[in-house]
Amino acid sequence: MASIPGGDFAERLSSILSICQKMSSERDLGTLLDLMAHEATALLDCDRASIFLLDREKNELWSKVALGSDEILRLDARLGVVGTAVTTGKAINVPDAYRDPRFYEAIDDRTGYHTRNLLAVAMRNQRGDILGAFEVLNKRSGPFNARDEEALTALASHAAVAIETAQLITELRKNQDELAQQNANLWREVESKYSAHGIVGTGQRIQQVVRLVERIRDSLVNVLITGESGTGKELVAKAIHYTSPRTRKPFVALNCAALPEPLVESELFGIEKGVATGVQQRVGQFQKADGGTLFLDEIGDLSLAAQAKILRVLQERVVERVGGRSAIPVDVRLLAATNKDLEAEIARGSFREDLYYRIKVIHIHMPALREIREEIPLLANHFLKEYANETGRELEFAPEVILKMAAAPWPGNIRQLRNEVMRLAACARQRRITEEDFWEGIPMPRAAAVAAPAVPAFLPAPAATAVSRSGSRSLKRAVADLERQMILDALNGTRNNQQQAARQLGLSRQGLINKMKRYAIA
Ligand SMILES: Nc1ncnc2c1ncn2[C@@H]1O[C@H](COP(=O)(O)OP(=O)(O)OP(=O)(O)O)[C@@H](O)[C@H]1O
Ligand SMILES: [Mg+2]
């Protein structure tokens, strides 16, 4: 080979290195191909460059027609100078195109370009497989020389690695999108099946509540609903009212904790005009709820005096307004809720035992969200759908966000989860809500501050929930784990009735059986 002046050689080498750097940070195949063509023309001082990729199935080479265009040129992989480079694996240098039998004129006819000279080298990956060919056309001064061959060969070997990476990433993205779509469809089906009375949840604990609500729908028994804040006590109270024969009569909710003691009586029973100066007649909540349901929230916060008065109304079915002289008959069904332990309050003397038994004909206890973590994915998707219905903005969760949510402590229970979903939805920049969005505001478990919540076996422990963001294997695993758990739940909930479980999951029986085989569920 002719001697190459050191300076020129070093300059080219450094250009090649800088191009390689640019190539290795580009992940989008189309942009990468444009970048390669652009850089090669500058490096080799020529008019054009094309990258042909080998489609092994069809034995064709394909290339984008021009920089920035999406038009694709396809040709038989044995044809032309690029075809020769691919079949022989060698660099093919053609100083005079129209005199060379290997030159395939049809491409010039097709693109309207006039090729004078060209150089093509095969592109191989690190295993030595040929991925296609890198071709440069019409050197500006004279034909391509041995140094150009060397430079293009060096460039082509790096290009091959970058192309393979970009192809892999494109493929992974496609798979990921398909999975997310399937996941969203699955949720939609599950969701529509389980949202009776607006109480969402497929597990045993929530389904027990739903069944109880259904069982008492025709009776007018008093119900005490207990549970921590935000667990759905009011939701259940409404479900009871709106499935009862009183559904068209008023549902009146009163938060006892928000009532200052001097106002309790007038608020509950009403007040006559002129009891004190300037006082107008007011109807009390019991009377407002006449024929319907009165929901006394935080009943554990009522004073003993107020408790005594309520007991009287329940026994005698009449109210007396403050300052009134007559008893007004009322027909009210009482639902009460508290997050206090009323039996402990009774023991302390701050709650009346007789009232307790009167309001607790039926007792419904709402589980804390950390006790029913398996419901978190369904609930989160339910709230996201609620947001979409209100705003018309369709969003979705990245599966790793769901996993993180399922492991979070949620001291504020379902209300906190709902608020968090609404906040994430309102702040979402893109259709998909990702891990980064989630981490911004959520109180995550801290090793010491929060007692480690019990995490179901299918979930990673809170400390180990890091799901690699780009790793498609862990993404698939996450979805698979979730799917497997939902199938197990459905089978448990139906005592292994495959027909029913399949229906719950929105699958055919055969579809369920296939999945059970795949997940080795006996
Ligand atoms: N199982 C559920 N399915 C769907 N939404 C739920 C469920 N449980 C609670 N929610 C929602 O969570 C929010 C809080 O529920 P709710 O107000 O009934 O809780 P609460 O127990 O009365 O809370 P607090 O004790 O703080 O008054 C509401 O928006 C409610 O619709
Ligand atoms: Mg409430």
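The values are calculated or read from the model by the stated rules, or taken from the named source; none is laboratory data. This one's a predicted model, so the numbers in the text were calculated from it and none came from an experiment. Please note: Cβ atoms are built from the backbone with ideal geometry, for glycine as well, and neighbour counts cover all protein chains shown. Side chains included, ligands, DNA and RNA excluded: accessible areas come from the protein's heavy atoms. Shrake-Rupley method; radii C 1.70, N 1.55, O 1.52, S 1.80 Å.
Around residue 485, under 11 Å between beta carbons, what's the net of Lys plus Arg minus Asp minus Glu among the other residues? Combined, the nearby Lys, Arg, Asp and Glu give -2.
Hull surface divided by four, with the convex hull built on the Cα atoms of the chain: how many nm²?
Numbers: hull surface 151.5 nm².
Mean shadow area of the hull around the Cα atoms is 37.9 nm².
Between 0 and 90 degrees, the angle of helix 376-391 with respect to the longest Cα principal axis of the chain falls at about 90 degrees. Taken per residue, the accessible surface of the range 6-172 reaches 50 Å², heavy atoms only and a 1.4 Å probe.
Show me the trypsin sites (Lys or Arg not before Pro) within the range 33-97 that DSSP assigns to loop and that have at most 15 other Cβ atoms within 10 Å of their Cβ.
On the way: sites: 48, 56, 58, 64, 74, 78, 90; in loops: 56, 58, 78, 90.
Sparse-neighbourhood loop trypsin sites (Lys or Arg not before Pro): 56, 58, 78, 90.
Please compute the contact order of the chain in relative form: average sequence separation of alpha-carbon pairs under 8 Å and at least six residues apart, divided by the residue count, as a percent. Numbers along the way, then the final one.
Numbers: 796 pairs, mean separation 56.4, N = 522.
Once divided by the residue count of the chain, the mean separation gives 11 percent.
With the helix formula -39500 (n - 2.57) applied to DSSP H stretches of n ≥ 4, the chain reaches a computed 222 nm mean residue ellipticity of -15000 deg cm²/dmol. Each of residue 519 and residue 498 was given a label point 7 Å from its Cα along the Cα-to-Cβ line. The distance between the two points is 1.5 nm.
Derived value for the range 280-330: Kirkwood hydrodynamic radius 11.9 Å. Basis is the mean of 1/r over every pair of different alpha-carbon atoms.
A simple count of charges around residue 91, restricted to other residues whose Cβ falls under 15 Å of its Cβ and scoring Lys, Arg +1 and Asp, Glu -1, yields 0.
Can you tell me the FRET efficiency between residue 207 and residue 178 if r is taken as the Cβ-Cβ distance and R0 is 35 Å, rounded to the nearest 0.05? Efficiency, from the Cβ-Cβ distance: 0.65. To the nearest ten degrees, helix 233-243 and the longest principal axis of the Cα atoms of the chain are 80 degrees apart.
Mean projection of the alpha-carbon convex hull of the range 305-424 over all orientations, in nm²?
Values: hull surface 46.2 nm².
The Cα convex hull of the range 305-424, projected and averaged over all directions, gives 11.6 nm².
Shape index of the range 6-172: Rg/Rh, with Rg the Cα radius of gyration and Rh the Kirkwood radius from the inverse mean 1/r over Cα pairs, equals 0.94.
Rounded to the nearest 5, what % of the DSSP beta bridges within the chain are antiparallel ones? Before the final figure, lay out each step's value.
Details: 30 of 50 bridges.
Of all bridge pairs located within the chain, approximately 60 percent are antiparallel.
Over 28 Å apart at the Cα level, from the set 288/360; 340/404; 174/404, are 340/404.
For residue 90, the lysines whose Cα comes closer than 29 Å to its Cα, not counting residues fewer than 8 places off in the same chain, are 22, 58, 64, 139. Counting only alpha carbon atoms, the long axis of helix 304-316 and the longest principal axis of the chain meet at about 80°.
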